[in-house]
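S.K.: Here you go, one structure.
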Amino acid sequence: MFGLGWSEMVLVGIVALIVIGPKDLPMMFRTMGEFTGKAKRMAREFNNAMQQAADDSGIKGVKSTLEAAASPKKFGLDKIREATDFNGPKKPDAGLSPERQASKDKTDKAMADAATARQEREARIAEMQAEADDDLAEFNEAEALAGEKPE
C-alpha cells in the first residue's frame with residue numbers, strides 16, 4: 001500500500017496497540033477507514049470532473065482524430081507492408097525497371113569489389129604482422145645469444 005511489507009505493517013500495528021491502547025484502537029481504525037473512504041471519493045469526483053471538462057472541451061474528438069490518423073489501416077500502410085513483406089524472406093528482384101535493375105547491379109558490384117579489396121588489405125596486414133613478429137623473435141634470439149657470450 002505505502003511501500004510497506006507485512007513485517008513493517010505488523011510492527012506498526014504492535015506500536016499502535018502499545019501507544020493507543022486496545023480500547024481506542026478499533027475507533028482509530030474506523031476513523032482511518034472513514035478518512036481513506038473520503039479521500040477515495042474526492043479522488044473519484046476529481047477524476048469525473050476532469051473527464052467531464054475534457055468531454056465539454058472536445059478533447060475526445062481530437063483524441064479520436066489523432067488515433068484515426070495514427071492508424072496504419074486508415075492510410076493503407078498495411079497494404080504497403082504486405083507488398084514489401086518486411087518479416088518474410090526477400091523476393092528476387094522481380095518487377096524492377098531496367099534502370100533500377102542496372103543501378104542495383106552496379107551497386108552490388110561496387111560493394112563486392114570493396115569487400116574483396118578489404119579482404120586483400122586485411123591479408124596483407126596479417127602477412128606484415130607475421131613478418132614483424134618473426135623479425136622480433138629473431139632480434140630477441142640474437143639479443144639472448146649476445147648476452148650469453150663471455151667477454
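The values are calculated or read from the model by the stated rules, or taken from the named source; none is laboratory data. Just so we're clear, the structure is a prediction, and the values are computed from it rather than from any experiment. Don't worry about glycine lacking a Cβ; one is built from the backbone with ideal geometry, like all the others, and counts go over all protein chains shown.
S.K.: Are any residues in the range 1-55 of a type in the set (Gly, Ala, Ser) and either surrounded by 11 or more Cβ atoms within 10 Å (Cβ to Cβ) or at negative phi (or both), and if so, which ones?
M.R.: Gly5, Ser7, Gly13, Ala16, Gly33, Gly37, Ala39, Ala43, Ala49, Ala53, Ala54
S.K.: Let me ask you something else. Regarding Glu67, is this residue at pLDDT below 85, surrounded by 10 or more Cβ atoms within 10 Å (Cβ to Cβ) and assigned to a helix (DSSP H, G or I)?
M.R.: yes
S.K.: Still on this structure, I have one more. One residue is enough: does the range 31-44 have a residue meeting the conditions within 38 Å of the chain's Cα centre (by Cα) and of a type in the set (Asp, Glu)?
M.R.: No, the range 31-44 contains no residue that is within 38 Å of the chain's Cα centre (by Cα) and of a type in the set (Asp, Glu).
S.K.: Could you check the range 44-64 and list, in sequence order, the residues that are of a type in the set (Lys, Arg) and at pLDDT 80 or above?
M.R.: Residue satisfying the conditions is Arg44 alone.
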